[in-house]
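The values are calculated or read from the model by the stated rules, or taken from the named source; none is laboratory data. Model, not experiment: these values are computed from the prediction. In this analysis, Cβ positions are derived from the backbone assuming ideal geometry, glycine residues included, and neighbour counts consider all displayed protein chains.
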Amino acid sequence: MTGFPSLAPRQRTKGPRFSLAHQTRSWKNPSLKANLKPANAKARELLAKLQALAERGIDGEKTAAQAKLARLKARFDFSQPNAVDAAELFSGSFQRASKTRRVGSFGADELDVGNSVKWAIEAATKIPCAWRNGDLMAEAAPPTIKKLAAIAEYIARSFRTLLQKFGTLDGVSQDDRAAFVMGLYDGMMNETRNIGQRLPGRTAVAKKSRKAKKTAVTSPPGLHVHPYTVALALGKQIRFSAPVEKLNTELDEATRQPLAPAGPASGE
């Protein structure tokens, strides 16, 4: 055919060749991180709860928490330091002394709370403590004693308030209290339970007798999660001096829907 210019074949230029996939990778990854929202206080609180469940949840709680944790991290950027960390309960220095001084007092009916305070102080500060007629004593200098007394008062107030509310829930027993206190302490001190280590068992709800009248009301079904699991997330917040009122509200939300009682569980 005539009247059309001939098309000469293009000359290939020498030099390195880059695939589109290579070029795409070079800019795509940074943009993904840039699109994440900075983690706010609410997101960090949820992160702490999900991490506790993912590490030490009971039965299917671990799997569900891990899935929610992945979705949360896909939305928020947690790489920036958390401003709440400045309020860490045992931050600063603690000075030991040869003389023992009073830190606080606890009644005979709340030795579990008192021992939690004692063990927390000893583990976090390495300052020996001892009991003397209901008084918690510590081998510490006066400035340190003042600081420890404030810490002990906050821990005790948090534990007492949460235990008082927990005790009013349907189906809660004394065994549940032991598991709840253990969860508060482990969360507060970031304790990791050994695989296979059993938690305090829950008292099973008594089955309705065949001879009971049809109009009889059965026992409350109890909590839908293990008391240890509920307390674990609350304990983590106590470590960072969360307001007691906030802890009380979160306990109310966590125990709002009662289901079948959980059986004894391990710390896996």
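For the reader, a short list of remarks on this structure follows.
- If the condition is being more than 12 Å from residue 113 (Cα to Cα) and either surrounded by 20 or more Cβ atoms within 10 Å (Cβ to Cβ) or free of Cβ contacts under 8 Å to residues at least 60 places away in the same chain (or both), then segment 165-182 contributes 166, 167, 168, 172, 173, 174, 175, 176, 179.
- Counted as qualifying within segment 68-158 are the strands (runs of 3 or more DSSP E) with 3 or more residues that are buried (at least 17 other Cβ atoms within 10 Å of the Cβ), namely 96-105, 135-140.
- Checked against the criterion of being modelled with pLDDT under 50, among the polar types (S, T, N, Q) and more than 24 Å from residue 186 (Cβ to Cβ), segment 30-47 has at least one qualifying residue.
Quick grid of which residues meet (1) modelled with pLDDT of 70 or more; (2) under 14 Å from residue 57 (Cα atoms); (3) in a loop (DSSP other than H, G, I, E, B):
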| site | (1), (2), (3) |
| --- | --- |
| 164 | yes, no, no |
| 168 | yes, no, yes |
| 172 | yes, no, yes |
| 183 | yes, yes, no |
| 187 | yes, yes, no |
| 196 | no, yes, yes |
| 200 | no, no, yes |
| 220 | no, no, yes |
